[in-house]
Each structure stands twice: as C-alpha cells, then as structure tokens.
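Please read the structure below before turning to the comments.
Each value in this text was obtained by applying a stated rule to the coordinates, not by laboratory testing. Everything numeric here is computed off the predicted structure, so don't read it as measured data. Glycine gets a Cβ as well: all are built from the backbone with ideal geometry, and neighbour counts include every protein chain shown.
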Amino acid sequence: MESRGQVSLEYMTMLGLSLIIFAAVLYVATFLISTSGMQIDVDSAYRAVQGIRESADFIYVHGHPSKIPAEIAIPSNVEDVSIEGKVVRIRLSVGKSFTDVYSITKANMTGRDATDVICSGVCAEGRYVLVFQSMNPDYSPGYDVNITVSD
C-alpha cells in the first residue's frame, strides 16, 4: 500500500517538473518570436533608409538631368518618415518606445510629396516606387534631388 503512494507521488513530481520545463521553453520561444519581429522591422527600416540614401547620392553624383526610380519597402510600425535637407529618417514604434533609423546624404533633398503619400494620416506599410530626380542644372544652392512617389 505504501509503495503505491510513493509511486504516485513520484509520478506527480515528474509531471510537475515536466510542466515547469515546458512552461520555461514556451516563455523563451514567445520572447524570441516577439523580439525577432521588432528586429525585422528595424532591419527593413535600415534597408529603406540606405536605399533612399544610395539613390539620392547616385543622382547627386551624376548631376542634371539624371532621374531614376527605386523601389523602397516601408516596414510596419512606422510612425513618421522624413526626407528633408540631407537627412532621411524613419521613426519606428518598438514596443512601448520609439527608435529612429536615419542616414545622411551628400545631396540636399526635398521629399515632401513622397512623405505625404507614405504617411498621409497613418504611415502605411508597403512597397513604394520613389522617383529621384536632379533639380539643379547650374549647381546653384538649394535642393539637388527631388523625391516623389511614382503613380
């Protein structure tokens, strides 16, 4: 009689330990899945900013009348996109805070039309074809590259 009680206690102990280990593995897996989504968004924003910078620098180096399209992927969780002066910036919401991904170009840029299309009210995730065009044939001061969204 006594050995059956001991066996059932051992089974319950093993079951309890198994459940604790399973819960720990489940917690770690959930944490990794949630953080990997944020890392993917930050990486996508970094690639988008670098793509805009590289295209603007290409137009700046080649001068007037250069014009090229470039496909840029805007990730989810974007709060703001700013293309002004020599700075390209994407602000992302990461958890309960924000992070800025930015890059500095050689050219002065204007991209108000592009940022209005991407962030009209709410910034929309998606792929956009941005058109980069040289603006100064005589290299006078001002904006060198204009960025618009292709229709």
5 angstrom amide H check on residue 80, placed H, neighbours 5+ away: 91
With Cα atoms, 0 to 90° folded angle of helix 2-62 axis to the chain main axis: 0 degrees
Separation of the residue 3 and residue 94 label points, Cα + 7 Å toward Cβ, nm: 6.1 nm
Cα-based equivalent ellipsoid, the chain: semi-axes from gyration tensor eigenvalues, Å: 55, 12, 11
Peptides ranked, highest mean first, by Cβ atoms within 10 Å: ranges 53-63, 89-99: 53-63, 89-99
Alpha-carbon gyration tensor eigenvalues x 5, square-rooted, for the range 35-119, Å: 25, 12, 11
Long-range HN-HN contacts of residue 149 with modeled amide H, under 5 Å: 114, 131
Mean Cα-pair separation over length for the range 2-149, i.e. relative contact order, pairs under 8 Å, 6 or more apart, %: 24 percent
FRET efficiency estimate (nearest 0.05) - Cβ-Cβ, residue 30 to residue 150, R0 30 angstrom: 0.15
Gain in span if fully extended, residue 73 to residue 13, counting 0.36 nm per residue against the direct Cα distance: 16.4 nm
Radius 9 Å from Cβ of residue 78, net charge of other residues (Lys, Arg +1; Asp, Glu -1): -3
In nm, spacing of pseudo-spin labels at residue 21 and residue 106 (7 Å Cα→C-beta vector): 6.0 nm
